[in-house]
Amino acid sequence: MIVVDRRPAIEGGTPVRERPLPYGRHTVAQADVDAVTAVLRGDWLTTGPTVDRFADELRRVTGAAHVVVVNSGTAALHAACATLDLRPGDEVIVPALTFAASANAVLYEGGTPVFAEVDSRTFLLDSADVARRVTERTRAIMPVHYAGLPADVRAYASAGGRSDVVIVEDAAHALGAVWDGAVVGASSELATFSFHPVKHVTTGEGGAVATRSAARAQRMLRFRNHGLSSEVRGREAQRTWQYDLLELGYNYRLSDLGAALGLSQLARLEASLRRRRQLARMYLEQLRGIPAIVPQAVADVDGHAWHIFPILVGEGLRIDRDGFVRALRAERILANVHYAPLHLLSLYRERLGCRPGMLPVTELVCSRILTLPLYPGMTDDDLASVVEAVRRIVDFYRT
Ligand SMILES: *Cc1c(COP(=O)(O)O)cnc(C)c1O
């Protein structure tokens with residue numbers, strides 16, 4: 001009789017796989033290499049015609065009236081916040097289940113981030129909790145479309161109560177996500193995207209803001225170029241060397257090299273979203289019925305952009321979330337955690353006086369959440385190995 005060793009690797013069993021499986025990974029095709037090489041041999045390396053074409057293509061993909069391309073998702077958030085004209089004491093409501101960049105952008109502009117709870121099942125900013133935190137100083141609400149699940153932007157607008165409370169969507173996870181028939185960004189006042197390699201489309205480093213406002217787009221174009229009244233190309237076209245400095249801006253320009261990569265990648269966005277959705281569907285089916293494993297509550301699998309596949313590790317195990325991540329890593333499944341509760345990191349404790357217990361729901365979610373591998377280049381067998389690892393760990397540690 002063959003006895004199959006089903007002990008987890010961390011307990012001395014054999015790992016479910018030989019090669020480590022990352023939680024996310026970019027895909028670079030030969031067409032991408034050719035596109036970058038062509039720009040490299042041309043006249044423009046910095047922001048030029050390819051950045052313009054990338055912006056046009058992003059407008060087409062998102063349906064947004066205007067898209068401003070910048071050199072990171074963080075710069076996109078900063079540029080978006082700069083259009084809010086925050087004064088000291090002005091507040092922006094942000095979830096604490098997010099990457100540091102979301103709230104940092106508010107600090108860059110001299111505003112005060114106010115952290116609000118997420119829903120314990122969808123992991124999206126909780127509009128009822130937002131409504132409780134709105135004050136006369138609230139200038140904006142910044143929902144995060146966590147993991148790629150689009151949040152109901154209209155619910156935040158009503159929670160804001162006043163028409164002058166701006167919704168700034170951190171859509172870094174949600175390129176190509178669809179909510180109620182509309183692509184994220186299509187009618188947004190401000191929605192920001194990231195082109196970091198782990199996101200849907202990469203430019204190496206890069207980002208963009210989609211906006212329905214021509215005035216905000218103009219502001220952000222200037223903001224990405226020091227606050228100057230014109231760009232070099234415009235001055236060349238008008239045969240002038242004069243410019244004015246209209247406000248304090250930054251150098252947030254993406255290179256044409258990066259844009260060439262992004263443009264080429266964007267052509268595969270639909271196919272890669274299809275594959276992400278297919279993998280997510282497989283996870284949802286294969287994880288069903290495994291005790292203590294709770295995936296994100298998702299009403300519409302196809303509207304979700306599936307940047308990552310988060311699960312909660314529930315009760316009934318002799319190990320906690322950190323133990324679960326260690327056990328998965330011993331199986332060579334490189335699970336990760338998105339995110340540590342932002343309000344409890346040192347900067348926010350010190351600046352805003354945040355303390356444990358301030359956001360009980362978020363703190364509970366953050367203590368139980370982990371990210372399983374999901375990216376378009378992953379095979380069905382890779383996914384099966386993840387499910388097998390999860391099953392082994394749960395079976396071994398069940399109480
Ligand atoms: C990736 C990410 C960002 C920042 O993007 P960068 O391009 O890395 O600067 C911001 N917010 C969220 C939620 C992200 O995941």
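At-a-glance table
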quantity	calculated
For the chain, alpha-carbon Rg over 2.2 N^0.38 Å	1.04
Carbon plus sulfur fraction of accessible area for the chain, probe 1.4 Å, in percent	51 percent
By average C-beta atoms within 10 angstrom, highest first, the peptides 84-92, 236-244, 100-108	100-108, 84-92, 236-244
Distance from the stretch 323-337 to the stretch 266-290 (C-alpha centre basis), Å	21 Å
Additional length obtainable on full extension of the chain from THR399 to LEU246, 0.36 nm per residue less Cα span	48.6 nm
Rough spin-label spacing in nm, given labels placed 7 Å along Cα→Cβ, for ASP300 and SER367	3.5 nm
Rounded if a/c under 1.5, otherwise prolate or oblate - the stretch 54-186, Cα gyration tensor axes	oblate
Ranked by how many other beta carbons lie within 10 Å on average, peptides 285-293, 297-305 from highest	297-305, 285-293
Whole-Hz couplings from phi, Karplus 6.51/-1.76/1.60, listed for the stretch 12-23; x for Gly and Pro	x, x, 8, x, 5, 9, 8, 8, x, 10, x, 6
Size of charge dipole - the stretch 174-256 - debye, nearest 20, with Cβ of Lys, Arg +1 and Asp, Glu -1, no other charges	140 debye
Extension gain from VAL28 to ALA65, taking 0.36 nm per residue of separation minus the Cα-Cα distance	10.4 nm
Length-normalised contact order of the stretch 128-287 in % [C-alpha pairs under 8 Å, at least 6 apart]	15 percent
Principal axis dimensions, the stretch 13-86 - Cα atoms, whole angstrom, descending	57, 41, 23
Value at 222 nm in deg cm²/dmol, rounded to 500, when DSSP H runs of n ≥ 4 in the chain each add -39,500 (n - 2.57)	-11000 deg cm²/dmol
Probe 1.4 Å, protein heavy atoms only - accessible area per residue of the chain in square angstrom	44 Å²
Stretch gain in nm, segment ARG274-GLN218, where the contour uses 0.36 nm per residue and the Cα spacing is subtracted	16.8 nm
Placed amide H near SER230: partners under 5 Å, 5+ positions off or other chain	ASP244
DSSP-defined beta bridges in the chain - what % are antiparallel, rounded to 5	60 percent
Cut-off 13 Å between beta-carbons: net charge of the residues surrounding GLY48, Lys and Arg +1, Asp and Glu -1	-2
Nearest-10 value in Å² for the accessible area of ASP34, using the 1.4 Å probe	80 Å²
Translational diffusion of the stretch 200-246, µm² s⁻¹ [Kirkwood Rh, Cα pairs; Stokes-Einstein; 4 °C; 1.567 mPa s]	104 µm²/s
Solvent-accessible surface (1.4 angstrom probe) belonging to ARG139, in square angstrom, nearest 10	60 Å²
Alpha-carbon centroid distance for the pair the stretch 366-398 / the stretch 175-222, whole angstrom	31 Å
Taking the stretch 75-201 and dividing mean pair separation by its residue count, relative contact order in percent (alpha carbons under 8 Å, at least six apart)	22 percent
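The values are calculated or read from the model by the stated rules, or taken from the named source; none is laboratory data. All values derive from a computational prediction rather than experimental measurement. Glycine also receives a Cβ, built like all others from the backbone with ideal geometry; neighbour counts cover every protein chain displayed. Surface areas here come from the heavy atoms of the whole protein model, side chains and all, with no ligands, DNA or RNA. Shrake-Rupley method; radii C 1.70, N 1.55, O 1.52, S 1.80 Å.
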